[in-house]
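The values are calculated or read from the model by the stated rules, or taken from the named source; none is laboratory data. This structure is a prediction, so every number in the text was calculated from the model and none was measured. As a convention, Cβ positions derive from the backbone with ideal geometry for all residues, glycine included, and neighbour counts pool all protein chains shown. With ligands, DNA and RNA removed, areas are computed over all heavy atoms of the protein, side chains included. Shrake-Rupley method; radii C 1.70, N 1.55, O 1.52, S 1.80 Å.
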Amino acid sequence: MGMNDNSVMVRELELCRSEIEKRLSGYFTAETGYKTLLESMRYSLLDGGKRIRAVVCVKFCEAASGNMENAFNAACAIEMLHAYSLVHDDLPCMDDDDMRRGKPSNHIKYGECTAILAGDALQSASFETLLESALPPDRVVEMARVFARAAGPYGICGGQYLDIFENDNAPDMLAEIHKLKTAALFEAAAQLGTIAGGGTREQIRAALEYAEALGLAFQARDDILDDMAQAEESERVIRLETEKAIAAVTGKFQNVDFLIWLAQMLAERNY
């Protein structure tokens, strides 16, 4: 890919992120007696995340239908669910982290009780947002099923449990934790976008395969950034999973140029 092509893709990514950010900023703004709770929710929702999961969602909708509009509710729901998981992940009874993305964690800024409630409220709001999608009811029901699975014991919650209670740092266990904590939400994002765009069963399966590989490569890159000692093995995983992601969507959608570029860009990132 040439420099000009790369510039086009970067611009496309930034426009997509900007639209997602604009929509997210409109949530939880009511002036109520519990406005501190809403402020706490916004604090974690609008904390400068990369929005990659949301981008994956709307771009799969575009790949399936030619436009992104039908997937923005789902994309916002994914970011709410992700924010909830990070709020709870940082709690003293979980990973006990005082900082998140260079700022005090939610429970440090607002107190543990408010942080727990903010996480709970973000999770429920994510489902409300998804269910408000202006799509045929059968698509919305299928999206809700996929979303619920990603949120529960076979996704985020199961991964967090294993991380806390069963993590012996064995490679197989770490892979399972990463699949549930990281890849599961990427998988949901890709499937939700494809369903929102009216994609076929074959396209939904292709989206799932792409996102599973993308999520594992994403986690492997994080592992390198956190601990250079594991770099050689992690680089091997990144190459393998990125190739799987690209192969999964090639020939399955009318235009996958952005999705292929995104997988390659995330494989090479240094942040």
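A quick yes/no check of all residues on (1) exposed (fewer than 12 other Cβ atoms within 10 Å of the Cβ); (2) among the hydroxyl-bearing types (Ser, Thr, Tyr); (3) more than 28 Å from Gln191 (Cβ to Cβ):
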| residue | (1), (2), (3) |
| --- | --- |
| Gly111 | no, no, yes |
| Ala125 | no, no, no |
| Ser133 | no, yes, no |
| Ala148 | no, no, no |
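In segment 215-253, which residues are within 20 Å of His82 (Cβ to Cβ), of a type in the set (A, V, I, L, M, F, W, C) and touching a Ser or Thr at 6+ places or on another chain (Cβ under 8 Å)?
The answer is Leu216, Ala217, Phe218, Ala220.
Mind checking which pairs have a first residue in segment 129-154 that is over 17 Å from Asn70 (Cβ atoms) and a second that is of a type in the set (Asp, Glu) and open to solvent by 10 Å² or more (accessible area, probe 1.4 Å), Cβ under 9 Å, 6 or more apart or different chains?
Partner pairs satisfying both residue conditions: Ala150/Glu187.
Just to be sure, is Asp98 of a type outside the set (Ser, Thr, Tyr) and touching a strand residue (DSSP E or B) at 6+ places or on another chain (Cβ under 8 Å)?
When the stated conditions are applied, Asp98 passes them.
Val87: closer than 18 Å to Leu38 by Cα and either of a type outside the set (Asp, Glu) or open to solvent by less than 20 Å² (accessible area, probe 1.4 Å) (or both), yes or no?
For Val87, the condition - closer than 18 Å to Leu38 by Cα and either of a type outside the set (Asp, Glu) or open to solvent by less than 20 Å² (accessible area, probe 1.4 Å) (or both) - is met.
Would you pick out the residues in segment 9-32 that are modelled with pLDDT under 95 and among the small types (Gly, Ala, Ser)?
Ala30 - this is the single residue of segment 9-32 that is modelled with pLDDT under 95 and among the small types (Gly, Ala, Ser).
Residues that are open to solvent by less than 10 Å² (accessible area, probe 1.4 Å): list the helices (runs of 4 or more DSSP H) wholly contained in segment 159-261 that include at least 3 such residues. Steps first, please.
Working: elements: 171-178, 184-196, 201-226, 231-249.
Fully inside segment 159-261 and qualifying: 184-196, 201-226, 231-249.
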